[in-house]
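Okay, so here's the structure we're looking at.
The numbers here are math on the coordinates, done by the rules we state, and not lab data. Just so we're clear, the structure is a prediction, and the values are computed from it rather than from any experiment. Positions of Cβ are generated from backbone atoms using ideal geometry, with glycine treated the same way; all protein chains shown enter the neighbour counts.
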Amino acid sequence: MVQQSRKTQYDQSLFEARQRLIQSGFYRQLIVQIESLLQSRDTEFLLDAGCGEGSHLAQILDKIDHQFGVGVDIAKEGIQTAAKAYENSQWIVGDLANTPFTDKAFDIILNILSPSNYQEFTRLMKDDGIVMKVVPGPNYLKELREQIFAGTDQEDYSNEDTVTRFKQFFDITHREKVFHQVTLTEDQFQDLIQMTPLTQDVDLSQLKFVDSITLDLEILVGEKQGLS
């Protein structure tokens with residue numbers, strides 16, 4: 001299904017690099033912790049909002065029974081890549097500000113390292129549903145950030161503003177850190193620097209290979225305000 005397809009800064013090669021990196025297990029610890037949080041919930045319909053090429057949702061659904069997954073992303077190239085690789089979910093090109101779903105359609109909305117539209121999320125989630133948002137921590141990919149932003153105010157990162165905005169729309173019921181070092185091959189490093197937004201304006205050939213990189217993330221679980 002195609003809704004409002006829009007030209008984005010992301011091309012097919014980026015999504016293919018992202019898919020290879022995720023399939024290699026780069027975010028495996030994140031997926032394991034999300035799966036653990038979802039196992040205790042009796043849910044049916046799950047939306048990955050800003051799903052990219054679909055690998056996060058596919059890996060989560062592989063371990064969670066009795067859930068129907070839908071991925072939506074504005075980038076047609078990402079949805080095409082997802083549809084080719086993962087046939088057990090529904091993949092839709094759509095704008096997160098105006099998705100083609102009915103009110104209160106989803107038990108769970110995932111939003112993993114992706115832009116958000118909280119008004120739309122509130123419309124889409126059931127009254128007893130949750131939003132699970134994954135945001136970078138201060139040390140996320142710090143080895144890349146140190147190379148790219150050395151000596152600038154962007155070398156340091158804080159997710160405080162992102163968390164504050166999330167709290168304006170949802171009551172946070174759980175926060176969980178994901179922190180460990182990931183070992184990289186040279187091919188995985190090339191996929192990483194091709195897919196991360198950190199390198200959007202960077203000459204990739206100038207980046208030095210690192211064989212270990214920091215995965216520092218935080219999972220925010222929120223429900224509709226006033227229900228807890």
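If eta is 1.002 mPa s and T is 20 °C, what Stokes-Einstein diffusion coefficient results for the stretch 6-114, Kirkwood Rh from Cα pairs, in µm²/s?
Approximately 153 µm²/s, per Stokes-Einstein.
Please express the Cα-Cα pair-distance distribution P(r) of the stretch 136-228 as a list of whole percents, one per 5 Å bin, running from 0 to the bin with the greatest distance.
Reading upward from the zero bin: 3, 12, 19, 20, 15, 12, 9, 6, 3, 1, 0.
Hey, what do the phi angles of the stretch 39-56 turn into as Karplus ³J(HN,Hα) couplings, whole Hz, using 6.51/-1.76/1.60 and θ = phi - 60°, x for Gly and Pro?
These are the phi-based 3J(HN,Hα) values: 4, 7, 9, 8, 10, 10, 10, 10, 10, 9, 8, x, 7, x, 8, x, 5, 4 Hz.
Against the empirical 2.2 N^0.38 Å scaling, what ratio does the C-alpha Rg of the stretch 54-143 come to? Could the numbers behind the result be given before it?
On the way: Rg = 13.7 Å, N = 90, 2.2 N^0.38 = 12.2 Å.
Output field value: 1.13.
Short version: ³J(HN,Hα) in whole Hz for each residue of the stretch 21-26, in order, from phi by Karplus 6.51 cos²θ - 1.76 cosθ + 1.60 (θ = phi - 60°), x for Gly and Pro, what are they?
Whole-Hz 3J(HN,Hα) from phi for the stretch 21-26: 5, 5, 5, 6, x, 4.
Give me log10 I(q)/I(0) at q = 0.10, 0.15 Å⁻¹ for the chain, Debye formula, one equal scatterer per alpha-carbon, no solvent.
Here the Debye-derived log intensity ratios amount to -0.45, -1.04.
Over the alpha carbons of the stretch 37-95, what is the largest minus smallest coordinate on each principal axis, giving the biggest first in Å?
Each principal axis gives a Cα extent; for the stretch 37-95 these are 34, 21, 15 Å.
For the stretch 1-107, what's the relative contact order in percent, using C-alpha pairs closer than 8 Å and at least 6 residues apart?
Values: 166 pairs, mean separation 37.4, N = 107.
Relative contact order here is 35 percent.
Could you give the distance between the Cα centres of the stretch 151-219 and the stretch 42-117, to the whole Å?
After rounding, the separation between the Cα centres reads 21 Å.
What distance in nm separates the simple spin-label points at residue 208 and residue 35, each placed 7 Å from Cα in the Cβ direction?
3.7
Taking the Cβ-Cβ separation of residue 201 and residue 162 as r and a Förster radius of 30 Å, what is the calculated FRET efficiency to the nearest 0.05?
Step by step, r from the Cβ atoms, then E = 0.90.
Below 8 Å, C-alpha to C-alpha, sequence gap of six or more: please give me the relative contact order for the chain in percent.
Details: 421 pairs, mean separation 48.8, N = 228.
Answer for the chain is 21 percent.
Give me the distance in nm between label points sitting 7 Å out from Cα along the Cα-to-Cβ direction at residue 119 and residue 152, one decimal.
A separation of 3.2 nm, rounded to one decimal place.
Subtract the Cα-Cα distance of residue 225 and residue 179 from 0.36 nm times their separation in residues, and report this length gain in nm to one decimal.
Working: separation 46, 0.36 × 46 = 16.56 nm, distance 2.86 nm.
Extra length from residue 225 to residue 179 when fully extended: 13.7 nm.
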